[in-house]
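Q: Okay, handing you the structure first.
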Amino acid sequence: MLWTDPASLVGRGKPLQAKGARQTVRIEWKAQLFVLKHYREPTRRHTLKQLIQPSRASKTWNFTHRLVEAGVATPRPVACVENRWGLLRLDSFLMYPYIEGRTLRTCIAEDAKRSPTVRDCLWQQIHELWQTLLDLRVSLGDTNLGNFIVSPAGQIWLIDLDKSRFHRAAQAAAPHQERAWKQLLRSAAYYD
């Protein structure tokens, strides 16, 4: 089913997010919970333009595996499917384990206000994660607080890496990292 008709799994899944040409659902597959992302090419023109580039699903697959190997807490993808018609990529799918927990936004808005210790622990983890990303020359394309999951054990997981990328040099990464860090701080200040 996953390899032959992933779109039907998307249709049966619990919607988590629908943003532009991407739909994200939670599914149960082989008695486990997974997140399945469906990336659609919005127009035929876009499909032709993206002909020579890898799909968003395959880019995220490769990127995420590199981060996992570097020790970053992010769910390791288990499947990547591309639907093609000849050389044309029609759509693609990426599946990874569902991480149980709450968004960092929710934790800051609820728990951190009640306990300075919880807030300090969360920010310590964010700083450690950010330092790892700096060392790897990674910039996050979207530092929305909803893209960080805090597990019941209190570990912060990084999800939604679609717009993230590795840079060849620290100098090239620096402006992107600074912009992303400022976005993260602005988001956190709104809920803090």
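The values are calculated or read from the model by the stated rules, or taken from the named source; none is laboratory data. Nothing here was measured: the structure is a model prediction, and the numbers come from that model. As a convention, Cβ positions derive from the backbone with ideal geometry for all residues, glycine included, and neighbour counts pool all protein chains shown.
Q: Just one of (1) surrounded by 13 or more Cβ atoms within 10 Å (Cβ to Cβ); (2) modelled with pLDDT under 90; (3) charged (D, E, K, R) trips up Lys14, so point out which.
A: Among (1) surrounded by 13 or more Cβ atoms within 10 Å (Cβ to Cβ); (2) modelled with pLDDT under 90; (3) charged (D, E, K, R), the lone unmet condition for Lys14 is (1).
Q: Another question about this same structure. Regarding Arg105, is this residue farther than 21 Å from Lys37 by Cα, of a type outside the set (S, T, N, Q) and part of a loop (DSSP other than H, G, I, E, B)?
A: For Arg105, the condition - farther than 21 Å from Lys37 by Cα, of a type outside the set (S, T, N, Q) and part of a loop (DSSP other than H, G, I, E, B) - is not met.
Q: Yes or no: Ala57 hydrophobic (A, V, I, L, M, F, W, C), under 19 Å from Tyr39 (Cα atoms) and crowded, with 17+ Cβ neighbours inside 10 Å?
A: Yes: the conditions hold for Ala57.
Q: Further question: Please identify the pairs in which a residue from region 157-168 that is within 15 Å of Leu145 (Cα to Cα) has its Cβ atom under 6 Å from the Cβ atom of a residue that is of a type in the set (Val, Ile, Thr) and assigned to a loop (DSSP other than H, G, I, E, B), counting only partners at least 6 apart or on another chain.
A: Close Cβ pairs (under 6 Å, with a partner that is of a type in the set (Val, Ile, Thr) and assigned to a loop (DSSP other than H, G, I, E, B)) amount to Trp157/Ile99; Leu158/Thr74.
Q: Another question about this same structure. Looking at region 74-98 only, could you name the residues that are of a type in the set (Phe, Trp, Tyr) and loosely packed, with under 13 Cβ neighbours inside 10 Å?
A: Trp85, the sole residue that qualifies.
Q: Something else now. I'd like to know if region 119-127 contains one or more residues that are without any contact (Cβ under 8 Å) to a residue 24 or more places away in the chain, surrounded by 14 or more Cβ atoms within 10 Å (Cβ to Cβ) and among the hydrophobic types (A, V, I, L, M, F, W, C). Even if it seems obvious, please write down each step before you answer.
A: Step one: list which residues in region 119-127 are without any contact (Cβ under 8 Å) to a residue 24 or more places away in the chain, which gives 120, 123-124, 127.
Checking which are surrounded by 14 or more Cβ atoms within 10 Å (Cβ to Cβ) leaves us with 123.
Narrowing further to those that are among the hydrophobic types (A, V, I, L, M, F, W, C): 123.
Yes: one or more hits.
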